[in-house]
Every structure is written in C-alpha cells, then in structure tokens.
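These notes are about the structure you will find just below.
Please treat every number below as a calculation from the coordinates, not as lab data. Everything quoted here is computed from the prediction, not taken from an experiment. Neighbour counts run over all protein chains shown; Cβ positions are idealised from the backbone, glycine included.
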Amino acid sequence: MILLDPNHLDRSYPDERSSEIMRKTVEFFEAKGKTKLLADYYDRPWYSDFLEFVRKERIFASMCTPAGEGAPDARWDTWRNCEFAEILGFYGLQYWYTWQVSVLGLGPIWMSENDALRDRASKALEDGGIFAFGLSEKTHGADIYSTDMVLTPNDKGDGWVANGRKYYIGNGNDAAIVSTFGRFEDGDEYVFFAADAKHPNYHLVQNVVASQSYVSEFELRDYPVREEDILHRGRKAWDAALNTVNVGKYNLGWASIGICTHALYEAITHANNRVLYGMRVTEMSHVRRMFVEGYARLVAMKLFALRASDYMRAASSDDRRYLLYNPMVKMKTTTQGETVMNLLWDAIAAKGFEKDMYFSQAAVDIRGLPKLEGTVHVNIALISKFMPNYFFNPAEYPEIERQDHGRNDDFLFNQGSARGLGQIQFHDYRAAFEGVDLPNVHIFAEQTEAFRRMLETAPPGPDQMKDVDFLMAGGEIFALVVYAQLLLENAKIYELDDALLDQIFEFMVRDVSEHALQLFGQPSSNETQIECCREMMRKPDHDPDRYESVWTRHVEPLDGAYVMNA
Ligand SMILES: Cc1cc2nc3c(=O)[nH]c(=O)nc-3n(C[C@H](O)[C@H](O)[C@H](O)COP(=O)(O)OP(=O)(O)OC[C@H]3O[C@@H](n4cnc5c(N)ncnc54)[C@H](O)[C@@H]3O)c2cc1C
C-alpha cells in the first residue's frame, strides 16, 4: 500500500537504525495515545515529552547531522527524512514544526565553513538540542533585503553588537543555536550569525501564535557577536538563506501528506459505517466520489513528492532540476492537501468538528502549509522562471532511478550560488507520457500540447508578465504539467495500478480545464490565448468500472485499517 500505515511500517531501509527511528517515533505517539495527544493540542503545553523522547533516542542527532559531523549512524538522507516528516505530520503538525525549524536552523550551520560552530551543533544534537532559523521580521515579511537586524562594531574593535527584532521564529524559546540573519551597519553586507537563546542580551518577547508550537518574537539588545559566531557573510549569507529554504520547503509537502493520511483513515472509518436512510453514507454517489477523488489526490501527492526526492538526492551543480520540483512539493502538494481535506470534510460534516477526532486539528493545520516559507504566489512566481527552458530547451540527463540508498545528501549543503535559475534545463517531459495508454492521460497530453502551443504562438506580453493574476493562472497549468510528468515517472517505478493512475488523471484533466478557464477570463487574455484556453478545457473520460474498482480495491479497504491507540 502506498499510504502510511503506522501499524505496518514496510518502507525499505538499507540499515536497521533508520527503521528503528520510524518505529520508535510511531511507538512514542501510540503510547502517548490519542486522548492525551488531542488534550495537549487544545491545552497547548510545550511538548517536552516529545523532545525528551527525541533526546533519549538521539532521533534528531541521527537524522539531522550530516555524515562525518557526528556519530556513525548520522547522515542527512532525504529518503528517510520524507517518511519521518510524514509520520510527524500524521500525529500533529506541532511535532513536525519543532523538527522542521531545527532543519532550517541547521541549514546555515552545515553550509558554513565555521568548524567550531558545526562541532557545537553536532554536540547539541547529541544532547537533544533543537534549533531555530531567524530570518523573518515583523515589518518586512518576504522582503528579507530590508532586514533591520544590524551588527555595529563594538567599542573595543574586536567584534560587533547586534540590535534588532525577529518575528515568527520557531523554537526561539529553547533553541541551542538560533541562526540569525542580519546585515553589517558598515557596508550593508548581509550576515548569518549564531545567537544563543540563553544569553542575557537575547530577550524572548512572546509566542506570536496560540499553539503548542512556540513561534517566537525575540529581540537582541547589544547582543555581542564575535568573529567565531559568524556563519556566513555577504553573498554567501544570502545564498545560505535561500539554499536552506530550498532544503526545508520540501518537508512541508510531507507534513501535508501525513495530515491527510490520518484524516482519511478517520473519515472513511466513520462514513463507511454511518447508516442513513437504511444505507451507508458511502453509497451516496457524491460521498463516494469525494472519497475516491480525495484518495486519488492523496496518492498523487505522495507519488510526486517521492519522485521529487529522487531529484533532490541526485542533484549536483550540473543537475539543478530539483529547484523546480522542490517549490512544487511546497506549493502544489500542500494546496492539494487542502483540496483533500475539503473533500473529506464535506463527506463527514459534523464529525470533523469533534474534539476527540484528529480530523478537527488536521482541518485547521492543513491550511497553514501553503502559506509558510513562501506563499503559493511566491512559489508560482519562482517556478515561472523555469517555463521557457522546460518546454522549449530540454537537455539529456542520465536516467534517475529511485534514490533509496542509505547515503548522505552532500550536495544539499553545498548548493553554491542561488542565481541562474533561468539557465537550468530539464529532461523532455513528453518522454514520461510515452507508452502510457490510458484515456485520461491521453486527454491530459493533448491539453499540455495546447498550452505549449499557446506559449509558442502567443506568449505573455510585457504587461501580462507583470500581472501576477495572469501569471498565476498560467503558472498553475505549468505546475500541473510538471506534476503529471513526475507522477507518471513514479507510477512506473511503483507499478501503480492502471485504474488508479487513470483515476488520478481524471482530476488532472479537470484541474487543467479549471485553470484554463481562469486564464481565459483574465482581462488581458488575447484572441490566440483564448483559443488555446478553449482547447485546454476538456471533459475527462469517465469509466464506471474503473471508478468502482478504485473504490472497492483501494478506498473501501481503508475502513478500520488504522485506528489510533486511545
Ligand atoms: C506559524 C509560523 C511559523 C513561522 N516560522 C518561521 C521561522 O521559524 N523562521 C522564519 O524566519 N520565519 C518563519 N515564519 C515566517 C513566514 O515564513 C512568513 O510568512 C514570511 O516571512 C513571509 O511574511 P508574511 O507571511 O508576513 O507575508 P508578506 O511578506 O507580508 O507577504 C504579503 C503578500 O505579498 C505577497 N508577496 C510577497 N512577496 C512576493 C513575491 N516576491 N512575489 C509574489 N507575491 C509576493 C505574498 O504572497 C502575500 O500574499 C513563520 C510564520 C508562521 C505564521
């Protein structure tokens, strides 16, 4: 089965330690039990029980220390990070968050040439420490160019004092190291430095959110910074910020997958056993459709994110295709997660509000993921840069197989300059469609060709390029093509059932049609663009036998398949 089932963890790992981490993490949550898990969610105590488990079992030490920097079992391995993120999301976004912001906080450290700080981080991980990524500020949002965290030379001339505030910084209450972004007063150069949350000049102001997670506001007042606290300066500090987000944003998709999977188990187990008017609720055609579509969308999310992991792990300075697929996991997978939750919630209605259902927290938490580490708009604007080369200037690359080996992902901490996105080339997406003889895949391929024709014959003009709404509509169609490509590649690798694959492409065809309608309706769309949009609006193929087989073979068996320990 492709979805996570905590009672049957069957993902293959080359080493026992990786399997042990997943198993023990599941055991921790199952032993905690659903009653306490949900009570903590609503009462919002700091999750010290989870962090104590992490310390005792050296979980973050094994998972978050690159090979060679710590114990022999430590490595940075995206293949196992995926499942770990999925498990944490499955039990609660707050647990995922403390890990996620540790990942972000560690990014600038592992990318740094400061050996002493790397050593300190490695020891702190062994001691059960967590980390923080101090980038955002209250007044500047996504505009990190305008940072007001300023380092001024100190009186002695042997260092600096930092002054400024940071806002929305996860783990800022308890982090062993807070990787903090700012600038030097003289020369306007950017800097990343290590701050100590226990230092008297580090003032914790508040938790900005009402949640178990601590999303801090903190202030540095004449905080002393010495040369040995500096992680990066100048262009390297900027690159470290962006390259860290490149690594971290991928995990948001997995939180979404974990959340939806747990919610799906609860939803189907409720709805399939609820009898109204003498029949199961799932016998009502619209409810069954919600489950079949929700399931198909969730499987697609997972297949896509898994395939993106292959490209992340295989990345090098000659192969930077992951820079398209990563933001897609962040943006596309998380928005698909919202769609899945909408479908499930419509199916179970009032049940989704109950305080003893994981679902009620899932319904809230799923909404945050598309908005953090760059909104959907920011990520669409980012991926649009890749569109010309993706469609019109493909390159040959060696075939990338499933990357499930137990090795360290060295390149992620050595990504180099964050520039030159427009020069990155991709393998020809059309190869993924070859040999797939399924009605909805054919229709999707025709829609894709109509989009390509539009880009060729009537590309966005200069004013349209500045119009974010126009770019969004086009960017969403582009994102669907990339999504389809990686899905098809992975459907082969995972030998996905044809009926399920065609069911997935049924909603993909509808999604292209919807976005084509958006593009069609843009105030500035011209005649040729409108004509291409008309060609993109297509009716999917509906095969009742295929649909029923997906229900009976894939979806209905999830009824009662997993129920969390009370
Ligand atoms: C729960 C939570 C946890 C967080 N954890 C951390 C953390 O640990 N560390 C950290 O540093 N930050 C963290 N953040 C900050 C988060 O990443 C911010 O959302 C980010 O700084 C952007 O700021 P903003 O959300 O205020 O949006 P703004 O930057 O104010 O954006 C406003 C609007 O402008 C649009 N926009 C902005 N730039 C562009 C662009 N280039 N192209 C197109 N549209 C654009 C956006 O889409 C948005 O609609 C966290 C936030 C929250 C809520």
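Okay, here's what the table says:
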| read-out | value |
| --- | --- |
| Cα gyration tensor shape of the chain, rounded if a/c is under 1.5, else prolate or oblate by comparing a/b with b/c | oblate |
| Estimated D of region 313-427 in µm² per second, where Rh is the Kirkwood radius over Cα pairs and Stokes-Einstein applies at 20 °C, 1.002 mPa s | 127 µm²/s |
| 5 angstrom amide H check on Glu189, placed H, neighbours 5+ away | Phe184 |
| In nm, spacing of pseudo-spin labels at Val209 and Arg510 (7 Å Cα→C-beta vector) | 3.0 nm |
| The chain, dipole about Cα centre (Lys/Arg Cβ +1, Asp/Glu Cβ -1), debye to the nearest 20 | 820 debye |
| Angle between the chain longest axis and helix 16-43 axis [Cα atoms, degrees, rounded to 10] | 90 degrees |
| In degrees, nearest ten, helix 498-520 long axis to first principal axis of the chain (Cα) | 80 degrees |
| Shape of region 195-309, Cα gyration tensor, a/c cut at 1.5 | oblate |
| Proportion of all alpha-carbon pairs of region 133-233 beyond 23 Å (%) | 19 percent |
| Length gained when the stretch Arg402-Leu9 is fully extended (0.36 nm per residue, less Cα-Cα span) | 139.6 nm |
| Loop-located GluC sites (Glu not before Pro) in region 343-442, at most 14 other Cβ atoms within 10 Å (DSSP) | Glu354, Glu396, Glu399, Glu401, Glu434 |
| For the chain, calculated [θ]222 nm from helices alone, where every DSSP H run of n ≥ 4 adds -39500 (n - 2.57) | -16500 deg cm²/dmol |
| With Cα atoms, 0 to 90° folded angle of helix 468-493 axis to the chain main axis | 80 degrees |
| Where N is the number of residues in region 347-494, Cα Rg divided by 2.2 N^0.38 Å | 1.31 |
| Part-to-part distance (alpha-carbon centres) for region 264-280 and region 465-528, which is given in Å | 32 Å |
| Proximal lysines relative to Lys332, as straight alpha-carbon distance under 23 Å, when same-chain residues fewer than 8 apart are discounted | Lys249, Lys302, Lys371, Lys385, Lys466, Lys492, Lys539 |
